[in-house]
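J.: Below is the structure I would like to discuss, written out as structure tokens.
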Amino acid sequence: MSCAPTFPRPWLAAALTIASVTALAPVHAHQVWLENAGGQARLHFGEFNDNLRENSPGRLDQFKGVPVLEQQRTGAAAQRVEGQLGKDAFVYPAAGTPDTLFATATYPLIDRSKRNLPAMYWQPSARWVASLAKPVGPTAPLDLVPTGKPGELKVVYQGAPLPKAKVQLAAPSGWTREAEAGEDGTVTFVTPWKGQYVAEVKHSDKTPGEAHGAPYGEASYVTTLSFVLADGMPSPSLPPAATPAPAGR
């Protein structure tokens, strides 16, 4: 479980005056998130704040194929990048300096018949941005994007702001904080440490639909936004790497 951070006094007041209601909270379900370094992008599956990255062979093999990565630069059309399955991530060449990367992983419908419930469509997506200073337009059904204002992110569902959405931000140390989106879909976080952050938002839609050639009764979305800050206080390290569970568990 993540622990509350130790702030130097100048940061304590700022951290407690986040624009939305916040609370420490653990991540309760898996996510996918993007990392981009050294000319290579990696799409991980697991729980960033617990330093859990699922492996292959293992749960990473449960996805339907290798997700396609979309790479976007200012003033240019998006490029689709094919990847390959690695030991603990889907791996892609990320040539040049993209402004944003995006990927959606395809997962089989989740059978809930033992609970007399219709199947669930689960769609995990991930976005990486080079800077929070540049606003990014949403492209996914559930998206989490920077607005260009310091520390401000926006939740969008089906092209419209999603009020009251719960957004969780995991700091480079794995510490987490949660904020509730306002009527305009925005949340604001204080980010005192340098290093990688991963924000996450979830949304459930009980409108029936069809995916992978079969019907479902509920769609569950989870989308992450990852970014790296070069400036700030040195951050404690993530906890020791958690052991992934065997496939099928």
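J.: Return one whole number: the accessible area per residue of the stretch 31-234 in Å², for a 1.4 Å probe.
T.: With the other protein chains kept in place, the stretch 31-234 gives 43 Å² per residue.
J.: Just grab the label-to-label distance for residue 29 and residue 160, each label 7 Å out from Cα along the Cβ direction, in nm (one decimal).
T.: Label at residue 29, label at residue 160, 2.2 nm between them.
J.: Counting only protein heavy atoms and using a 1.4 Å probe, what share of the accessible area of the chain belongs to carbon plus sulfur, as a whole percent?
T.: With neighbouring chains kept in place, the figure for the chain is 55 percent.
J.: I'd like the accessible area for residue 121, computed on protein heavy atoms only with a 1.4 Å probe and all protein chains in place. Round to 10 Å², please.
T.: Counting only protein heavy atoms, the figure is 40 Å².
J.: Output wanted: per-residue J couplings in Hz (rounded whole) for the stretch 66-81, from phi through Karplus 6.51 cos²θ - 1.76 cosθ + 1.60, θ = phi - 60°, x for Gly and Pro.
T.: Couplings: 8, x, 8, 9, 9, 10, 10, 10, 4, x, 10, 5, 5, 10, 8, 10 Hz.
J.: Keeping all protein chains in the complex and leaving out DNA, RNA and ligands, what accessible area do you get for residue 237 with a 1.4 Å probe, in Å² to the nearest 10?
T.: 100
J.: Filter the cross-link list 164/202; 87/134; 164/206 down to pairs whose alpha-carbon distance in this structure exceeds 21 Å.
T.: 87/134
J.: So, R0 is 30 Å and r is the distance between the beta-carbons of residue 85 and residue 183; what FRET efficiency does that work out to, to 0.05?
T.: Efficiency computed from Cβ-Cβ geometry: 0.10.
J.: Count neighbours as other Cβ atoms within 10 Å of each site's Cβ, and list the GluC sites (Glu not before Pro) in the stretch 27-116 that are DSSP loop with at most 16 such neighbours.
T.: 82
J.: What do you get for GluC sites (Glu not before Pro) in the stretch 130-233 restricted to DSSP loop and a cutoff of at most 12 other Cβ within 10 Å of the site's Cβ?
T.: 183
J.: Now, a different point. Return the calculated 222 nm mean residue ellipticity for the chain, to the nearest 500 deg cm²/dmol, obtained by summing -39500 (n - 2.57) across DSSP H runs with n ≥ 4 and dividing by the residue count.
T.: Mean residue ellipticity at 222 nm (helix-derived): -500 deg cm²/dmol.
J.: Would you mind checking the stretch 79-119 for residues with the amide N under 19 Å from a putative spin-label position 7 Å along Cα→C-beta of residue 210?
T.: Output list for this probe position: 107-111, 118-119.
J.: Same structure, new question: Pick the calculated Rg/Rh (Cα atoms, Kirkwood Rh) for this structure from (i) 0.95; (ii) 0.99; (iii) 0.93?
T.: (i)
J.: Taking Cα centroids, how far is the stretch 82-139 from the stretch 144-220 in Å?
T.: Centre-to-centre (Cα) distance: 13 Å.
The values are calculated or read from the model by the stated rules, or taken from the named source; none is laboratory data. All of these numbers come straight from a predicted model, not from anything done at the bench. Virtual Cβ from ideal backbone geometry, glycine too; neighbours counted across all protein chains shown. When the accessible area is computed, the model is the full protein with side chains, heavy atoms only, and any ligands, DNA or RNA have been set aside. Shrake-Rupley method; radii C 1.70, N 1.55, O 1.52, S 1.80 Å.
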